[in-house]
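Report on one structure; see the data block that follows.
What follows is calculated from the coordinates using simple rules that are stated; it is not laboratory data. Since we're looking at a predicted model, the values are computed, not measured. No Cβ is skipped: glycine too gets one built from the backbone with ideal geometry, and neighbour counts run over all protein chains shown.
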Amino acid sequence: MLQSPDLRSRRPVVLVVEDEFLIRMQAAEMIEESGFKVVEASNADESVAMLETRLDIAVAETARAEICSDSRLAHEESQSEKF
């Protein structure tokens, strides 16, 4: 499958959503070392705000209801034309 030149020249962007700072920092570091650009959010509100950014992948903690209650992030992402 051929990719457009702009996709080949830019690093894929990963959104990491995690409320624990140290876990989020470690996850972001590991992902960046793998060649991705990382944007971080500590909660659902911050992650929804990040949808203005061109994202390729989102990694979100879903075990805690207050982080992504009612699948808010997934719903917002599905509504966003930029994701």
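Worth a mention:
- Residues located in the range 12-31, provided they are surrounded by fewer than 16 Cβ atoms within 10 Å (Cβ to Cβ) and out of contact with any Ser or Thr (no Cβ under 7 Å at 6 or more places or on another chain): P12, E20, F21, L22, I23, M25, Q26, E29, M30
- Which numbered condition G35 fails, given (1) on the phi < 0 side of the Ramachandran plot; (2) more than 11 Å from the chain's Cα centre (by Cα): (1)
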